[in-house]
Every structure is written in C-alpha cells, then in structure tokens.
1. Could you pull out the residue among LYS176, LYS166 that is open to solvent by 50 Å² or more (accessible area, probe 1.4 Å), under 27 Å from MET1 (Cβ atoms) and not in a helix (DSSP H, G or I)?
2. Between GLY105, GLY122, which is touching a Gly at 6+ places or on another chain (Cβ under 9 Å), farther than 17 Å from LYS161 by Cα and surrounded by fewer than 16 Cβ atoms within 10 Å (Cβ to Cβ)?
3. Based on what the data block shows, is SER85 within 13 Å of the chain's Cα centre (by Cα), at pLDDT 95 or above, polar (S, T, N, Q) and under 19 Å from GLN34 (Cα atoms)?
4. Give me the pairs, please: first residue somewhere in the range 24-46 and over 28 Å from VAL156 (Cβ atoms), second residue anywhere and loosely packed, with under 12 Cβ neighbours inside 10 Å, beta-carbon distance under 6 Å, and either six or more positions apart or on two chains.
5. For the range 14-43, give me the residue count where each residue is exposed (fewer than 15 other Cβ atoms within 10 Å of the Cβ), polar (S, T, N, Q) and either part of a strand (DSSP E or B) or modelled with pLDDT under 95 (or both).
6. Of all residues in the range 70-102, count the ones that are open to solvent by 20 Å² or more (accessible area, probe 1.4 Å) and either in a strand (DSSP E or B) or of a type in the set (Val, Ile, Thr) (or both).
7. Are any residues in the range 130-146 more than 13 Å from VAL77 (Cα to Cα) and assigned to a helix (DSSP H, G or I), and if so, which ones?
8. Return yes when LYS58 is of a type in the set (Lys, Arg), surrounded by fewer than 17 Cβ atoms within 10 Å (Cβ to Cβ) and free of Cβ contacts under 8 Å to residues at least 12 places away in the same chain and no when it is not.
Amino acid sequence: MAAILALAGSNSSTSINFKLVKHTVSLVQDSDIQVLNMAEHPFPMYSEDHEKENGFPKQIQELQTKIKNSEALILSVNEHNGNPSAFFKNVLDWLSRSDRGFLEGTKVFLMSTSGGKRGAKGSIEVVGNMLPRFGAEITATFSLPSFYDNFDGTIVDKALKEDHQKALDTFLDSLK
C-alpha cells in the first residue's frame with residue numbers, strides 16, 4: 001500500500017485545485033493517503049534574513065516530514081498570471097532551502113485547473129520543470145480547463161474524465 005500525500009498549491013479556502021485533489025483522491029483505492037489543505041497552513045515569506053534569525057519554521061519542518069514519509073505526491077497547482085502562485089513558490093523556496101533534495105525518490109501526479117480555457121497550463125509547465133530539480137519523478141500530468149463548466153463534484157466532460165483517469169492510472173501504476 002503506497003503512502004501518498006495529496007495537496008493543492010493554493011492557500012485559498014475556496015481553492016478549485018484542492019477540489020480537484022479531493023476528487024482525485026476519492027478515486028484511489030488501496031493506498032494510505034493523507035490529504036493536506038494548505039489553506040490551514042500559513043508560512044512566512046521566505047527571506048535569508050528570516051532564515052538566519054529564526055531558522056526554518058515549524059510548519060515547513062512538519063511539511064517536510066510529511067513529504068519524506070510519503071512515497072508519492074498528488075499535487076494540483078493554481079496559476080496567477082501564467083505562473084504558480086506566490087504562496088506555492090514560497091513553500092518550494094522554504095522546502096528547498098531546508099533540503100535541496102526534499103522530493104528525492106518521490107513520484108508525482110501533477111495536475112492543474114483554472115476557470116479559464118488553458119487550465120493553468122502555464123503553472124503546470126513551470127512546476128513540472130522545477131520539481132525534478134528537487135528529486136521528484138513526475139509520472140503523470142493532467143490539466144482541467146474551464147473548471148466551472150467541467151466540474152460539479154466530478155469531471156463532467158467525458159473526454160476530460162477519461163484523460164484524468166488515464167493519468168491517475170499511470171501514476172498509480174508507477175507506484176507498483
């Protein structure tokens with residue numbers, strides 16, 4: 001049974017990416033999944049001065065432990081102006097400063113969604129290029145465009161639903 005950590009790269013209490021994560025997790029069986037709502041985990045903005053004066057925040061150390069205790073990650077990233085949110089980039093900055101290889105050996109199902117027709121493809125591309133630098137193996141990706149038209153608790157568009165399931169199956173197969 002694989003240990004999987006599932007989260008969205010958003011700190012919004014109404015995150016559509018977190019809704020996609022919860023839906024994805026509901027489709028997984030025979031795994032030990034921990035779902036983490038990042039809206040409940042505030043982090044200070046990274047700065048060298050803050051790190052020198054205060055060390056690494058307890059919340060970052062706890063997140064790093066959760067990642068280390070997981071074999072895999074289900075992650076859906078939000079997008080602000082074609083890039084991952086400042087919140088998520090900040091989390092990555094903290095984690096990589098504490099341990100550059102914090103995702104070493106971790107398999108990742110990388111997803112994104114947005115209200116727009118591109119489905120946060122800019123963000124998924126940026127994050128998809130960043131995570132391997134920290135040791136991640138991205139085994140599958142999925143982008144859900146036009147969230148409010150294509151999601152009502154489940155993915156309503158048949159082709160997108162099939163694409164999502166295929167990507168999820170590819171990710172789960174990589175854990176065997």
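1. LYS176
2. From the options GLY105, GLY122, the qualifying one is GLY105.
3. no
4. Matching pairs, first to second residue: ASP32/MET1.
5. Number satisfying all stated conditions: 2.
6. So the count comes out to 2.
7. If the condition is that a residue be more than 13 Å from VAL77 (Cα to Cα) and assigned to a helix (DSSP H, G or I), then PRO132, ARG133, PHE134 are the ones that fit.
8. Here the answer is yes, as LYS58 does meet what is asked.
The values are calculated or read from the model by the stated rules, or taken from the named source; none is laboratory data. Since the structure is predicted, the reported quantities are computational estimates derived from the model, not experimental observations. So basically every Cβ, Gly included, is an ideal-geometry build from the backbone, and we count neighbours across all protein chains shown. What goes into the accessible areas is simple: the full protein's heavy atoms, side chains included, and nothing from ligands, DNA or RNA. Shrake-Rupley method; radii C 1.70, N 1.55, O 1.52, S 1.80 Å.
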